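Notes for the one structure printed next.
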Amino acid sequence: MSVAGAYDRHLRPDTRPSGFQVWSWFFMRISGLALVFLVLGHMLIMHVLDGGVDRIDYNFVSRRWAGFFWRAYDWLLLALAMLHGAIGARNAIADHIRKPLWRGAAKTLLYSVVFFLLGVGTLVIVTFDASRMPG
């Protein structure tokens, strides 16, 4: 079955999908599956293994982020969660806000908050340097 065929089965009869709608539908399925494994891995590593949350402090984070793998893992978790949530919220806005002006304002606010938080999170993950912190 093709992506377009699967999308057509779930499409409301009164709408026509654009390329963006089809790809966002596909992204939601793939990112949701990836998030399940990323979140379960995060929960296992951070909350269950080696003493759980009691061992998490600044030194733990600085040791963990000393290598590229954990920074990439945490950034992927952040990016997929933010984008997955944004697309879901965009769909909820489109379904529940009928006036175009209010819908546009809500989407603008949503996109602004998502990209601000994604930008700040990316900045922290990329620029974190434990050797430059006081103490």
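Worth a mention:
- Backbone N within the range 54-90 under 14 Å of label point (7 Å from VAL126 Cα along the Cβ vector): 72, 75-76, 79
- Take the Cα of PHE20, step 7 Å toward its Cβ, do the same at ALA92, and the gap between the two points is 2.0 nm.
- For the chain, the residue among PRO100, GLY32, LEU110 whose Cα projects farthest onto the positive side of the dipole built from Cβ charges is PRO100.
- Listed values (1) 39, 36, 25; (2) 60, 37, 23; (3) 51, 34, 29 include one computed from this model; for Cα extents along the principal axes in Å that value carries the label (2).
- Residue-count net charge about ALA130 - beta-carbon cut-off 13 Å; Lys, Arg +1, Asp, Glu -1: +2
- Full-extension gain in nm, PHE37 to TYR73, via 0.36 nm per residue minus C-alpha separation: 11.8 nm
- Ascending count of other beta-carbon atoms within 10 Å, so fewest first, for THR108, THR122: THR108, THR122
- Mean Cα-pair separation over length for the range 3-132, i.e. relative contact order, pairs under 8 Å, 6 or more apart, %: 25
FYI, it's all coordinate maths here, none of it is from the lab. Keep in mind that what you see is a predicted model, and the values were worked out from it rather than measured. When we count neighbours, we look across all protein chains shown, and the Cβ atoms used for this are built from the backbone with ideal geometry, even at glycine.
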